[in-house]
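Structure record follows, encoded as structure tokens.
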Amino acid sequence: MEFLLSAEQLEIQDTVKRFLDKKCESTSLQRYIDEPQNLPTEIWQGLIDMGVPALIVPEAFGGLGMELLNLAIISETLGYAAAPGPLLAHSLCTQALILAGSQQQKEKWLPLLASGEALGSFASAEAGQWFGAELTLSGSSLNGSKQHVPYAEHADLIVIAMADNQFALVEKSASGLSISPEDVTDRSRPLASLNFANCAVELLANSSAEAAEKVLNTALILLAADSFGGASRAIDMAVDYAKTREQFGQIIGKFQALKHQLANMAVDVEPMRGLYWHAAYAFDKEPEAASRQAALAKAHLCERYLHVAREAVQAHGGIGYTWECDIQVFLKRALFNNAYMGAPALHRKRAADLAAW
């Protein structure tokens, strides 16, 4: 196992970072946050132009055929910028088709998802739980609902988690599908509820427990990577603020209590990098360890991101609680990562069960 990123991976990550430095600076970020109902077209198109949606798609279907780690390091970079956009849900939709679609379904949809011609999303949560879906088909139609679906109003195609580890596809034009926006805390990733009333859907032909587990692991790893990026940025913002804010005639960064607080935040975050790297590596290279590593990465990184974001808000003082200060965006994103696909306690229990503790 290589314990460092390759030159190619570093170049991919740096290219995306330079793009976001231009397109997702503070003013643009605040504009996106003020208008969460809009798709951040400029950012999403930039990612498409760089080939990001095609990273994990097999070459046979118009993709780049890369491993999950390459997508995870992009998620880290997006998390560092708190960049809005549908990449997380689009990637889960793509992964479900790769793992569970028939040859015909793959040929129809994967080239469109890889090129960005079609936008995908993923629906998992229902009845207060993130996985272990209970929806079933009635004949060839679906009745029921799903909650917390990212960018559902903009998606051309949504993969729905069903009972018995099944996946189904629904297109935005399907009769019987209605979409209701949800009131969200994290405006960088708007959510909606789906309601199905005799809605025509198409089952993914090769759905299985293994495919469902891998799609879940993909979500957990990408959330962990985003959390590492966001936590790193929260520390950088707190340190920069401590170097410029003056109180009692001197910059606050000279106060010993704040120095200790910032140092503790850094100690919390830096070891997190290897945890999500190894989870992504295990996804592709160590399948017997993949689920447990993904659960541990999600649980630890998302929890630590939330803690560090709260500490960073505190380090900013009163201004950190205002809408105009960017640190509030990272705190709300940390809340999303912590909750989406299950709270840390749930995944610690999964990790313990997988280890037969």
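Derivation of every value follows stated rules applied to the coordinates shown; laboratory data play no part. As the structure is a prediction and not an experimental result, all values here were calculated from the model. As a convention, Cβ positions derive from the backbone with ideal geometry for all residues, glycine included, and neighbour counts pool all protein chains shown.
Here the Kirkwood formula puts the hydrodynamic radius of segment 68-109 at 11.5 Å, using every distinct Cα pair.
Evaluated on segment 232-347, the Kirkwood hydrodynamic radius is 15.4 Å, with distances taken between all distinct Cα atoms. Relative contact order of the chain, taken over Cα pairs closer than 8 Å and 6 or more residues apart, is 16 percent. Taking a ≥ b ≥ c as the square roots of the eigenvalues of the alpha carbon gyration tensor, segment 158-198 is oblate, as a/c is not under 1.5 and a/b does not beat b/c.
Taking each residue as 0.36 nm, the span from Asp14 to Ala60 lengthens on full extension beyond its C-alpha to C-alpha distance by 13.9 nm.
For segment 1-105, the calculated P(r) over all alpha carbon pairs, in 5 Å bins from 0 to the bin holding the longest distance, is 2, 11, 22, 22, 18, 13, 8, 3, 1 percent.
To the nearest 0.05, what FRET efficiency results for Gln256 and Asp236 with a Förster distance of 25 Å applied to their C-beta separation? Rounded to the nearest 0.05, the efficiency is 0.75. In segment 36-111, Cα pairs under 8 Å separated by at least six residues give a relative contact order of 31 percent. Relative to its residue count, segment 143-233 spans a Cα convex hull of 106 Å³ per residue. With log10 I(q)/I(0) by the Debye sum over Cα atoms at q = 0.09, 0.13, 0.14 Å⁻¹ as the read-out, I listed (1) -0.68, -1.10, -1.17; (2) -0.48, -1.00, -1.15; (3) -0.53, -1.03, -1.17; which label goes with the value calculated from this structure? The listed entry that was calculated here is (2). Ellipsoid fit via the Cα gyration tensor, segment 23-181: semi-axes of 26, 20, 14 Å, each the root of five times an eigenvalue, largest first.
Of the listed pairs Lys23/Lys332; Lys17/Lys108; Lys22/Lys172; Lys259/Lys349; Lys106/Lys285; Lys259/Lys285, which have alpha-carbon separations greater than 30 Å here? Exceeds cut-off: Lys17/Lys108; Lys22/Lys172; Lys259/Lys349; Lys259/Lys285. Approximating the spin labels as points 7 Å out from Cα along Cα→Cβ, the Glu42-to-Arg310 distance works out to 3.5 nm. Pairs of alpha carbons in segment 84-160 separated by more than 16 Å make up 53% of all such pairs.
If you plug the beta carbon distance of Thr27 and Asp164 into 1/(1 + (r/R0)^6) with R0 = 35 Å, you get a FRET efficiency near 0.15.
Taking 0.36 nm per residue of sequence separation and removing the Cα-Cα distance, the Glu286/Gln247 pair yields an extension gain of 8.8 nm.
Using a simple spin-label model with points 7 Å from Cα along the Cα→Cβ vector, what separation in nm is obtained for Glu67 and Ala263? If labels sit at Glu67 and Ala263, their model points lie 3.7 nm apart.
Entry note, segment 211-302: relative contact order of 43 percent, from Cα contacts under 8 Å with a spacing of 6+ residues.
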